[in-house]
1. Would you mind ranking Arg75, Arg154, Arg192, Arg87 so that the residue whose beta carbon has the fewest other beta carbons within 10 Å leads the list?
2. Using the number of other C-beta atoms within 10 angstrom as an exposure proxy, rank Leu136, Leu176 with the fewest first.
3. No solvent, one uniform scatterer per C-alpha: report log10 I(q)/I(0) for segment 107-197 via the Debye equation at q = 0.16, 0.22 1/Å, two decimals.
4. I'd like the Karplus ³J(HN,Hα) series for segment 92-104: coefficients 6.51, -1.76, 1.60, θ = phi - 60°, whole numbers in Hz, and an x wherever there's a Gly or Pro.
5. How much length is gained on full extension from Arg75 to Val131, taking 0.36 nm per residue of separation minus their Cα-Cα distance?
6. For Ala115, which sequence-distant residues (separation of 5 or more, or a different chain) have an amide H within less than 5 Å of its own amide H, given hydrogens modelled in the peptide plane?
7. Evaluate the relative contact order of segment 70-193 (contact order divided by residue number), counting alpha-carbon pairs under 8 angstrom at least 6 apart; express in whole percent.
8. Along the Cα-to-C-beta direction of Ile183, a point sits 7 Å from the Cα; which residues of segment 118-160 have their amide N less than 17 Å from that point?
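A short reminder: the numbers here are calculations on the coordinates, not readings from a lab. Remember, predicted model here, so these are calculated numbers, not experimental data. Virtual Cβ from ideal backbone geometry, glycine too; neighbours counted across all protein chains shown.
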Amino acid sequence: MPPRLARKSERNEYRVAETGSALGVKRGVVEAALADASGIFVPRWRPCRRRCVRSSRRSTSPEGAYGAPIGEAARPFFKKYATFTGRASRSEYWWWALISGVVAIILNIIISAGATVSDSGAKVPGPGAVVGDILLGIWGLATIIPSVAVVVRRLHDVNFSGWMILIGPVPFLGGLALLIFMILPSKPEGQRFDVPA
């Protein structure tokens, strides 16, 4: 008897269930089953390793890791240091924004902790603040080009030209527009920016 598809959870994950028997996880090859408008289930097949679940948008492609954890998402940032072609996923961009923000906060804490107070009560940069300023300058110079590159690639992923980054300097509205563009989901039309291998 052919296996039938049974719904596993609310997240559209499916498993192979044979009538009257346990899951065929060892033999199962179901990746997912998608319902079309008529309610007919169309399976997408591939051998399953640990468990048969619907595949996520994660990709090991060089174009970016969709839905990737922090390590996988930050790696393309450094591998594509000055690459302005191709696309960057939301996770690649936002994990990098988080990493960059945390490093900047830590460096600013070092700068403020390194300041000393003069006799008049004013804060004066001390030796720790100077070291923090130097580290912040090195960090800024080391990450400015790849940061611009990841924004351009993210714009490509939402099907905008990379030149749209030039609206960023427009007071208030430019930054808000770029923030909205970075939040938008990936669009299939953005494939036009992919570089053929």
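1. Values: Arg75 14, Arg154 28, Arg192 9, Arg87 25.
Going from least to most buried by this count: Arg192, Arg75, Arg87, Arg154.
2. Numbers: Leu136 17, Leu176 11.
Ordered from fewest to most neighbouring Cβ atoms within 10 Å, Leu136, Leu176 come out as Leu176, Leu136.
3. Taking Cα atoms of segment 107-197 as identical point scatterers yields -0.77, -1.00.
4. Using θ = phi - 60°, the values come out as 4, 5, 6, 5, 5, 4, 5, 4, 4, x, 5, 4, 5 Hz.
5. Numbers: separation 56, 0.36 × 56 = 20.16 nm, distance 2.75 nm.
Separation in residues times 0.36 nm, less the Cα-Cα distance, equals 17.4 nm.
6. Answer set, sorted by chain and number: Gly126, Ala129.
7. Working: 151 pairs, mean separation 36.8, N = 124.
This gives 30 percent for segment 70-193.
8. It comes to 155, 158, nothing else.
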